[in-house]
1. Enumerate the amide H contacts of Val172 below 5 Å, restricted to partners 5 or more residues apart or on another chain; note that Pro and chain-start residues carry no placed amide H.
2. Give, as ranges by residue number, the residues of region 46-63 whose backbone N falls under 20 Å from the point 7 Å along Cα→Cβ of Tyr168.
3. Grab the Cα-Cα distance for Arg528 and Asp363, subtract it from 0.36 nm times how many residues apart they are, and report the gain in nm with one decimal.
4. With label points built 7 Å along Cα→Cβ from the Cα atoms of Trp37 and Val8, find their separation and express it in nm.
5. Classify region 225-355 as rounded, prolate or oblate, taking a ≥ b ≥ c as the square roots of the eigenvalues of its Cα gyration tensor: rounded when a/c is under 1.5, otherwise prolate if a/b is larger than b/c and oblate if not.
6. State to the nearest 20 debye the size of the charge dipole of region 350-416 about its Cα centre, where the only charges are +1 on K and R beta carbons and -1 on D and E beta carbons.
7. Measure off 7 Å from each Cα along the Cα-to-Cβ vector at Glu136 and Glu18, then give the distance between these two points in nanometres to one decimal.
8. Under 5 Å between amide H atoms, partner at least 5 residues away or on a different chain: which partners does Ser240 have, H built in plane at 1.01 Å?
Amino acid sequence: MQGKKLPVGIEDFKELREENFYYIDKTGLIRDLLNSWGKVNLFTRPRRFGKTLNMSMLKNFLEIGADKALFDGLAIAEERELCETYMGKFPVVFLSLKSVEGLTFEDAYEMLRRVLRSEMLRLSFLAESDRISEKEKYSFRRFLDEQDTREDVQDSLKMLSGLLYGYYGRKVILLIDEYDVPLDKAFQHRYYREMTALIRSLFSQALKTNDALYFAVLTGCLRVSKESIFTGLNNFKVLSVTDARYDEHFGFTDAEVKQLLQDYCLEGHLKETKEWYDGYRFGQIDVYCPWDVINHVDRLRSEPDAEPQAYWINTSSNDLVKRFVDRADKTTQNEIERLIAGEAIEKTVRLELTYDEIDNSIDNLWSVLFTTGYLTQTGKPENGIYKLIIPNREVREVYIHQIQEWFRETFVQDEKPMQEFCQAFLEGNAEEIQKRLTVILGRMISVMDTKARDDQKENFYHGLLLGLLRSESKWLILSNAESGDGFSDILIEPEDPDVGIVIEVKYASSIAELDKACNKAVSQIRSRRYDEKLRNDGREDILAYGIAFQKKRCKVICERI
């Protein structure tokens, strides 16, 4: 088993099976879908949870000419009656809309044309068939010749279904992967209305008035409201992250991850894998992000001591979290702090939205963060109220990063207050520094986990202070620099060649301990001679600062040494 390649980035089921990649069997999806399908089935899951691979699996199972050997040894092969009825028995149209994007509507429209034409080229044998009339093939030929019109595009899926029905005498299965990407990109780049109208027309004809359709499966991240692009569609089955049906078919279960690690002799890495990549709740089970697990195990094979990385997060701009943090009021900031500390926040969640509703209220952003995987649920919802949590350490890092970006934009780039803050350090004005720091701490979103060790908390406040002081571009600022008998937290060489600043940061266990922590900091500067490096550079006017923090409170003392 260890010899098998890991399918990093492999989304084609046929390639995965023919090239003998490691595969966690998800063919139970085929069984469950075929035993209880609706006319149109929509699966909504976060990105990188195996949607595309599952759609490719469905295509390779259902399409006429299917290679049955691809499914040897898999769970679906045991369903003999079902395989006899469905396997290789249907014409299939398979589209992925993940590439349909652009800065303008025209660019995105051109990408949609390319996607449609690619599928028609795959089925180009239809143009030569004498089973279909020339009149029926007219629009199809225009596509192949790149002469298609807007009407051709809107009618394309219905037209292609009709041609396949005429050729095979069997109704068509339509698979549309990442159906909402064009809408997401249109929303980001402000051509949402035009794209919504186009997608509504395309889907309406393909899914609502298509006599050649047997059934359809769509996947996406967000459950776009029925009124937006699925108007009037009956027998429409939505299977979201809250639905217990199919809950184990997207993402890796705990048992599957344990088996994967065992197969590669990496059982000792379960704890870190769970901490970083588990925690998503689909229906009634907890799942891991497959993209993360596969990448982490693949790296561990060559680097046994490799630390976990944010693989899932690095495949996206994480714009939704940025929007959320940017728009947070004081109440929401407090809720973000509680989430980062591991608490659950109770919220009413709307599972069905249009993209242009996202910014209407902060409540809508909560809902979208939930449906796209940046938040998940714990326990059972009651009366539409969900207990939302950050699923794992990887996603927690996203919030921390975006909060730090927000902090830099909100505070550090506010030039005049930062100049006055830095000037107070030159003047030895501990009272002014303390006052300004207290205001900043009160306004910012804290990313400190209250369960962290005190030294970790000191690191956080150390980083906060560095970010503030570096707004003074003319100062040389050294962090954790060797000086005297140890390493000083912060050394500063201002423009004045005679002046030097030494800062030692402490975390106090309570407000009452702030004074004691400050005195301890200054005493440490003296006893360990942290000023030595500055004096070696000819700086004799040394300001020593002891700065202690306790959550959103602080104390500052200054001594000349």
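The values are calculated or read from the model by the stated rules, or taken from the named source; none is laboratory data. Please read all numbers here as calculations on a predicted model, not as lab measurements. Every residue, glycine as well, gets a Cβ built from its backbone with ideal geometry; the counts of neighbours run over all protein chains shown. Accessible surface areas use protein heavy atoms only, side chains included; no ligands, DNA or RNA. Shrake-Rupley method; radii C 1.70, N 1.55, O 1.52, S 1.80 Å.
1. Under 5 Å from the amide H of Val172: Leu213, Tyr214.
2. 53-63
3. Values: separation 165, 0.36 × 165 = 59.40 nm, distance 5.20 nm.
Stretched fully, the Arg528-Asp363 segment lengthens by 54.2 nm.
4. For the pair Trp37/Val8, the computed spacing is 3.5 nm.
5. Oblate, because a/c is 1.5 or more while a/b does not exceed b/c.
6. Numbers: 7 positive and 12 negative charges, 85 e Å.
I would put it at about 420 debye.
7. With each label point 7 Å from Cα toward Cβ, the separation is 3.0 nm.
8. Residues meeting the criterion, in which the H sits 1.01 Å from N, are Thr44.
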